[in-house]
1. With a cut-off of at most 12 other beta carbons within 10 Å, and DSSP calling the residue loop, which trypsin sites (Lys or Arg not before Pro) in the stretch 106-154 qualify? Please list them.
2. Between S126, S44, S35, which gets the highest mean-square fluctuation from a Gaussian network model of the chain, Cα cutoff 10 Å?
3. So between S74 and F36, what do we pick up on full extension, going 0.36 nm a residue minus the alpha carbon distance?
4. Only one of the listed values, (1) 0.96; (2) 0.99; (3) 1.10, was derived from the coordinates as Rg/Rh (Cα atoms, Kirkwood Rh); which label is it?
5. Using the crude model of +1 on Lys and Arg Cβ and -1 on Asp and Glu Cβ, and no other charge, please compute the dipole size for the stretch 58-159 relative to its Cα centre, in debye to 20.
6. Which GluC sites (Glu not before Pro) from the stretch 1-48 combine a DSSP loop assignment with at most 10 other Cβ atoms within 10 Å?
7. Quick check for me: using +1 on Lys/Arg Cβ and -1 on Asp/Glu Cβ, what's the dipole size of the stretch 1-63 about its Cα centre, in debye to the nearest 20?
8. Can you pull out the chymotrypsin sites (Phe, Trp or Tyr not before Pro) in the stretch 92-129 whose DSSP state is coil and whose Cβ has at most 14 other Cβ atoms within 10 Å?
Amino acid sequence: EGEYGIIAAYNGGMSSTEILPKLLLSPSIGAFAKSFAFFAITTSFLGVSLSLWDFLKDAFHTSGEKVPLFRLASATFIPPIILMWQFPRIVFNALEFAGTFGVIILLVLMPALMVWSGRYVLKLPSDRYRVGGGKPALLFVIGVSLLLIASEFANRLGG
């Protein structure tokens, strides 16, 4: 609540690293928060860049010759830089998108589909521990996850 409350900060376009030192009355907290945010984004960028570098290296390496370094570096770094210049908030939108859909897909839908595949498609032996509920429980989990995904899509499209 108040001048530096969450709602007022959101409506005023302030970031959390701006309101935190004002709330806690400590400029060192703000410096720490900004440093933490910088290093979190930098390490994330490096991890994704290295993964993309390896992926593109494998993709371009089709006939046995080495991939030119400039071509590989250009394909890895130029498209993200152009996107960042054109759409400054794209990182936050991507994080929000991944946080919503990624969590639902990776932590709810995929495990249920893997269990379904193991039990009913591949017919793996059930000599180990097994969670009960059978097909109805799996169908319920799959249905709820699909409903959550559809709801989130509708929310994003319809506002």
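A short reminder: the numbers here are calculations on the coordinates, not readings from a lab. This one's a predicted model, so the numbers in the text were calculated from it and none came from an experiment. Note: ideal-geometry Cβ built from the backbone for every residue, glycine included; neighbour counts use all protein chains shown.
1. Filter output for the stretch 106-154: K123, R128, R130.
2. S126
3. Numbers: separation 38, 0.36 × 38 = 13.68 nm, distance 2.85 nm.
Gain on stretching S74 to F36: 10.8 nm.
4. For Rg/Rh (Cα atoms, Kirkwood Rh), the calculated option is (3).
5. Around 300 debye, computed over the stretch 58-159.
6. Working: sites: E1, E3, E18; in loops: E1, E3.
Of the GluC sites (Glu not before Pro), the ones in loops of the stretch 1-48 whose Cβ has at most 10 other Cβ atoms within 10 Å are E1, E3.
7. Dipole size: approximately 140 debye.
8. On the way: sites: F92, F97, F101, W116, Y120, Y129; in loops: Y129.
Listed in order of number, the matching sites are Y129.
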